[in-house]
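Below is one structure, written out as structure tokens; comments come after it.
The values are calculated or read from the model by the stated rules, or taken from the named source; none is laboratory data. These figures come from a predicted structure and were not determined experimentally. Counting neighbours? That spans all protein chains shown, and the Cβs are built from the backbone with ideal geometry, glycine included. In case anyone asks, the SASA skips ligands and DNA or RNA and just uses the protein heavy atoms, side chains included. Shrake-Rupley method; radii C 1.70, N 1.55, O 1.52, S 1.80 Å.
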Amino acid sequence: MFRIYLKAPFGFVIFALALVHAQAEPDASSVSQATPAAELKVKEGFKVELLYSVPKPEQGSWVSLCYDNRGRLIVSDQYGKLYRMNPPKSGEILASGDIEKIDLDIGEAQGLLFAFDSLYVVVNGKVNQGRGLYRLKDTNGDDHFDEVKLLRKFADRGGEHGPHAVLLGPDGASLYVVVGDQTAVTAVNQSRVPQVWGEDQLLPRPYGKGFMKGVLAPGGWIAKTDPDGKEWELIATGFRNQYDAAFDRNGELFTYDADMEWDMNTPWYRPTRINHVTSGAEFGWRNGGGKWPAYYPDSLPAVLDIGPGSPTGVAFGFGAKFPKKYQDALYACDWSYGKLYAVHLRAKGASFTAEFEEFITGRPLPLTDILIHPMDGAMYFTTGGRRVQSGLYRVTYVGKEKEGENVRVAASKLAAVRKSLEAFHGKTDAKALARAWPFLGDPDRFLRFAARIAVESQPVATWQDRALSGKDPVAVIQAAIALARHGDKSLQGELLQRLKQIDWQMLGERSRVDLVRAYSLIFIRMGAPADEIRLAMIEHLQDFLPAQSPELNTELLQLLVYLQAPSAATKGVALLKFAPSQEEQMAYAKSLRHLTVGWNKSLREDFFKWFTLAAAYQGGASFRLFVENMKKDALSHLSDEEKVALKEIIEAKPDNKTPRFTFEARSFVKAWKVSDFDDVINVGLEGGRSFSNGRQMFGAGTCFACHRFKQEGGAIGPDLTSAGGKFSPRDLLESIIEPSKEISDQYGATIFTKKDGSEIVGRIMNLNKNNIQVNVNMLNPSDTVSIDRSQLKGQKQSPTSMMPPGLIYTLSKDDVLDLLAYLLSQGNPDDPMFK
């Protein structure tokens, strides 16, 4: 027996990879068989049937699914043909002879829809005329498709991030097409998104491995077209790789967008997320380190962050013979982690908020597409993709709860207001400004956004004077963003002067962030300011830094570096040294690397010491290159003499192999036990706790390495933003001190036993043909091992958490209590960014 260990700080041991000779177990690794239903974890009351294991050599690996007007299922092999079949009766399965090949020059589809007596096929491959939207018809009524017509060819950049789903519009008379970021926006007749998109980067972005480098805005998109594919209207942009979308009962559109796993543990990493796709929406995808943060006012945020994964099919549950809660749920498929999530949405203002739960999970269960069948009220889903073993499954409800009535619920009043504003998107209307302008200052972000797009859809000459003379500061900021995007460059001075008249002290933190973004867009879109204006802007802004929130600190520092404010060096390095997470630190370093003024020897030393510290940080596959390339940028601003003076620091290597988020190493305090807090755990969090220190301790305990909290931190472990609604103080403390006592299925490890008797312990991260990629170190998302399924003997859930014990042993008792208070309050309730 032999093991490989990873040393954690202070001498504690974290397992990274265990290779152990194991006792014989039943062989569970048939590569010609989809994961049996009995091996899936299913929500109580529901039943899953494996209807068909797809013979890979003959029928490939299925990635898309729909039903036709006779209730038959139609599927597509990712690299091959289309097939159709009748769903079997309950308790029965399909045989290969039940599967009919659609013998036409079409396939490689990632989107299928039967509507208007036609089968619509979205090809993401080279079959027929390549990527595009096709229409299949049966022209002679013999129940066989005999006509294939290309309705719209899409630009072909190659790759999987191309054309995906097609769905029926809520009006029953239109189609919506879903396309990822590797396919340029098709020619459109109309656009609800103002067609003035740009990268909108104030400073040059960092790059890692360079994936998608050179691919510019607007990223992934969704468009609407008619049944003949003649008239096209752009609905929304700024996605990465949203594979599918679905309408709720009220015609609200939702999608499940992909993360960029190479970016994990950087400030620009965005987890897989559920987006409410409203009219004219922009979701801020940009390549490299240029992804917009969720708080940018010229974009929209996610309804729900889920975490790392590979989003595929989505569908609402209405029409299913399920209890009402699960009829109303949005079901979202995660291909890499083998999870089908039930997302429970609820109205919040003009949009939604949501929670999610695991509905069905399997290891492996590479989910690809999903639907609710209107004839039997069952859910069907497929697994497959990238030539892995494919299967067709059915889900029914067998519990005791009453079936829901499948009734439509009235939309919220604010959603109705938003819809009224969206009616002005993409067209000139004399009534638009009177209707939209009052909502530029509305407290609801989705209403502000809808109002701004309505304004931007009108001729600039009709509203630019109003933008420069408004009274409400929030409305003035939103109007300034609109004018920066559309207005004449000659207006820059006047626009800056109007924004400077806004009383900073009267603004909330969110509005301050919006104001700084407005300043940034003015410089991005209208050009660098004259030196006199630049100096005046530095004088106006520099005393606002540091601010109360990391978000505002990040944006202010970036703006001051752009303006080359000498004070940015002292202020920025102080922020860098105090920031508790590697994401926040990287956000400051990302800007400081472009600063050429204000430095002294001490500040330079501290800045380059950070790069040594960051060399031990962990992240996705691009992480180290991001840090190294940022360092190269910073070095480019040093003179030869400075490089010599700083040589020892520049060339230093980290003395720790695991991340430490503080400039000074912390000392061991105590090996804490839960019982050490019995005297205070129920009374010690009621008042007087420091939320600021709690956030610092979240970094000191390396919690940020694996856990997200309020949109920062790693994504390998659970997002803890909502911990306050799930844990008591004692429960939370116990999960920190004794992480293996109770392990979430969502984040638990699996023990893979190979035929040679060795074991590999970790979490499934990805699949490719017959290989499983397993992450074996929670602190390093890039630390993966490949397992050949043909060499796999069995697998089972590990009883040991991937979270190591001992992470709070350098914290004092008060530090631990501050940490708990911070987490249980969902961040500082007085944090201005929450207001």
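Computed from point charges on the beta carbon alone (+1 for Lys and Arg, -1 for Asp and Glu), the dipole magnitude for region 35-78 about its Cα centre is near 120 Debye. The string of couplings for region 346-360 from the Karplus curve (6.51, -1.76, 1.60, θ = phi - 60°) is 9, 4, 9, x, 8, 10, 9, 10, 7, 10, 9, 9, 6, 8, 9 Hz, one whole number per residue in order, with x for Gly and Pro. Heavy atoms only, probe 1.4 Å: what % of the accessible area of region 96-231 goes to carbon and sulfur, would you let me know? The computed percentage sits at 44. Between amide H atoms placed 1.01 Å from N, distances below 5 Å from Y337 occur with S310, all of them 5 or more places distant or on a separate chain. Among the trypsin sites (Lys or Arg not before Pro) found in region 133-227, those both in a DSSP coil and sparsely packed, with 13 or fewer other Cβ atoms within 10 Å of their Cβ, are K213.
Heavy atoms of the protein chains alone define the surface here; on that basis region 393-465 has 52 Å² accessible area per residue at 1.4 Å probe size. Shape class for region 53-149: oblate, because the ratio a/c of the largest to smallest gyration tensor axis (alpha-carbon atoms, square roots of eigenvalues) is 1.5 or more and b/c is at least a/b. Straight-line cross-link reach from K402 at under 21 Å between alpha-carbon atoms covers these lysines, not counting any fewer than eight positions away in the same chain: K43, K47, K321, K324, K325. To the nearest Å, what is the center-to-center distance of region 370-390 and region 161-212, using C-alpha atoms only? Taking the Cα centre of region 161-212 as reference, the centre of region 370-390 is 26 Å away.
Using a probe of 1.4 angstrom and keeping all protein chains present, the accessible surface of region 140-247 works out to 37 square angstrom per residue.
Specify whether the C-alpha gyration tensor of region 516-595 places it in the rounded, prolate or oblate class, a ≥ b ≥ c being the square roots of the eigenvalues: rounded for a/c under 1.5, otherwise prolate if a/b is larger than b/c and oblate if not. Prolate, since a/c reaches 1.5 and a/b exceeds b/c.
For G307, nonlocal amide neighbours, meaning residues 5 or more places apart or on other chains whose placed amide H falls under 5 Å from its own, are T272.
Taking Cα centre as origin and charging only the Cβ of basic (Lys, Arg, +1) and acidic (Asp, Glu, -1) residues, the dipole magnitude of region 490-578 rounds to 180 debye. The string of couplings for region 805-818 from the Karplus curve (6.51, -1.76, 1.60, θ = phi - 60°) is x, x, 6, 9, 6, 9, 9, 6, 4, 5, 4, 5, 5, 4 Hz, one whole number per residue in order, with x for Gly and Pro. Against the compact-protein benchmark of 2.2 N^0.38 Å, the Cα-based radius of gyration of region 138-240 scales to 1.31. Could you name the lysines in cross-link range of K81, using Cα to Cα under 29 Å and dropping any fewer than eight places away on the same chain? Those lysines meeting the cut-off are K56, K89, K101, K126, K137, K149, K153, K224, K230, K339, K769. Mean residue ellipticity at 222 nm, helices only, the chain: -7000 deg cm²/dmol; runs of at least 4 DSSP H residues each add -39,500 (n - 2.57), and the sum is divided by the number of residues. Under 5 Å between amide hydrogens, built in the peptide plane, is the criterion, and for A281 it picks out T237 among residues at least 5 positions away or on other chains. Potential lengthening of the chain between D376 and K230 amounts to 49.1 nm, from the contour at 0.36 nm per residue minus the alpha-carbon distance. By the rule of a C-alpha distance below 24 Å, with chain neighbours fewer than 8 residues away ignored, the lysines paired with K431 are K413, K419, K471. Local charge for T225 was computed over the other residues whose Cβ lies under 10 Å away, with Lys and Arg +1 and Asp and Glu -1, and equals -1. Straightening the chain between K601 and R466 buys 43.7 nm, computed as 0.36 nm per residue apart minus the Cα-Cα spacing.
Here the calculated FRET efficiency for A155 and S740, from their Cβ-Cβ distance with R0 = 45 Å, stands at 0.35, rounded to the nearest 0.05. Dipole check for the chain: with +1 at the C-beta of Lys and Arg, -1 at the C-beta of Asp and Glu, and the Cα centre as origin, the magnitude is about 460 Debye. Between the labelled values [x] 29.8, 120; [y] 27.4, 83; [z] 28.4, 91, the entry that holds Rg and Dmax of the Cα atoms in Å as derived from this structure is [y]. Phi-derived couplings, Karplus 6.51 cos²θ - 1.76 cosθ + 1.60 at θ = phi - 60°, listed residue by residue for region 312-328: 10, x, 9, 6, 7, x, 5, x, 7, 8, 10, x, 4, 4, 8, 6, 7 Hz, with x used for Gly and Pro. Loop-located GluC sites (Glu not before Pro) across region 395-445 with a Cβ neighbour count of 16 or fewer within 10 Å are E401, E403, E405, with loop assigned by DSSP. Here region 318-446 has 55 percent of its accessible surface on carbon and sulfur atoms, given a 1.4 Å probe and all protein chains in place. Other residues within the sphere of radius under 11 Å centred on the Cβ of G313, judged by their own Cβ, net out at -3 (K and R +1, D and E -1). Note on S96/D679: beta-carbon distance plugged into 1/(1 + (r/R0)^6) with R0 of 60 Å gives a FRET efficiency of 0.35. For A528 and H344, a Förster radius of 60 Å and the Cβ-Cβ distance give a FRET efficiency of 0.80, rounded to the nearest 0.05.
Note on the chain: dipole from Cβ charges, positive end direction compared against W672, A378, A342; the farthest Cα belongs to W672.
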